[in-house]
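Peer 1: After the structure tokens below, expect a handful of questions from me.
The values are calculated or read from the model by the stated rules, or taken from the named source; none is laboratory data. Given the structure is predicted, the values throughout are model-derived calculations rather than measurements. Note that each Cβ is placed from the backbone with ideal geometry, even for glycine, and that neighbours are counted across all protein chains shown.
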Amino acid sequence: MNLKAKVLVALMCVLMLSTSGYAFRFSVGGFGGLNIPIAQEDTESGTAFGAKARIPLMGSIAIEPNILFAKNGDASYDVEGGWNETMTHEGGKYTSFGVDLVFGSIMGYKGFGAYGILGLSSSKFEKKGIPDLTNGTYWFGLGFEYGFTDQISLDIRGKAFIFPYKDEANPNSDDKGSRKNGLITVGLNYYFGFTE
């Protein structure tokens, strides 16, 4: 199928959805907030920011392609043995490209709505002293949205971000685990499309 045919099929899908039993609306938005490590002694809380788009599949289900940049804070600790010295561990950073499944109140009209989140992504973890790691990661969480108008809404969400890993420096090692982070973000969404 050539590019023109793909574009035509996409436009037909949009037209069919827009004339179906619910209004077709999609949104784009940005967000920022805190990245909070869970059960990690070598890092502290850091920042997170990114962008997303919401594309409805049916009345209460949508997908959200997204990109996330998250940073862990550097961890400091006192060196034992009478050295009277403080050492610092770099926290590391994540770059994640993924898709979330969002279900609940997703259409973004004026007023309050709540929704659940399940997601998968490909994420890269970079930290000094270890090889860069790229793995499939997953998310789950809750979001709350307040529409100031039918086009603009405030979006607050909390997500758990799970990054599985294996000790890449020792391929024969059974050392497996995961880096777990909690993300609390606040953002704005702008909606396009038809209203009922």
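Peer 1: Considering region 104-135 alone, what residues qualify as being in contact with a strand residue (DSSP E or B) (Cβ under 6 Å, 6 or more places away or on another chain), over 17 Å from residue 154 (Cα atoms) and of a type outside the set (S, T, N, Q)?
Peer 2: 118, 119, 120, 124, 125, 126, 132, 133
Peer 1: Working only within region 87-103, note down all residues that are modelled with pLDDT of 85 or more, of a type outside the set (Lys, Arg) and more than 30 Å from residue 58 (Cα to Cα).
Peer 2: Result: 94, single match.
Peer 1: When residue 119 is evaluated against the numbered criteria (1) part of a strand (DSSP E or B); (2) surrounded by fewer than 17 Cβ atoms within 10 Å (Cβ to Cβ), which criterion, by number, is the only one it fails?
Peer 2: (2)
Peer 1: Within the set of pairs 6 or more residues apart or between chains, which connect a residue that is farther than 17 Å from residue 45 by Cα inside region 87-102 to a residue that is crowded, with 17+ Cβ neighbours inside 10 Å and among the charged types (D, E, K, R) with Cβ atoms less than 7 Å apart?
Peer 2: Short answer, once both residue conditions are applied: 99/64; 100/64; 102/54; 102/64.
Peer 1: While we're looking at this one, here's another question. Would you call residue 106 aliphatic (A, V, I, L, M), at pLDDT below 95 and over 15 Å from residue 26 (Cα atoms)?
Peer 2: No, not satisfied.
Peer 1: Residue under question is residue 129, and the condition is that it be assigned to a loop (DSSP other than H, G, I, E, B) and farther than 18 Å from residue 32 by Cα; does it hold?
Peer 2: yes
Peer 1: Name the residue, out of 4, 52, 71, that is at pLDDT 80 or above, of a type in the set (Lys, Arg) and either over 16 Å from residue 117 (Cα atoms) or surrounded by fewer than 11 Cβ atoms within 10 Å (Cβ to Cβ) (or both).
Peer 2: Being at pLDDT 80 or above, of a type in the set (Lys, Arg) and either over 16 Å from residue 117 (Cα atoms) or surrounded by fewer than 11 Cβ atoms within 10 Å (Cβ to Cβ) (or both) holds for just one of 4, 52, 71, which is 71.
Peer 1: Here's a follow-up. Do you know which residues across region 122-148 are more than 24 Å from residue 56 (Cα to Cα), surrounded by fewer than 16 Cβ atoms within 10 Å (Cβ to Cβ) and hydroxyl-bearing (Ser, Thr, Tyr)?
Peer 2: If the condition is that a residue be more than 24 Å from residue 56 (Cα to Cα), surrounded by fewer than 16 Cβ atoms within 10 Å (Cβ to Cβ) and hydroxyl-bearing (Ser, Thr, Tyr), then 134 is the only one that fits.
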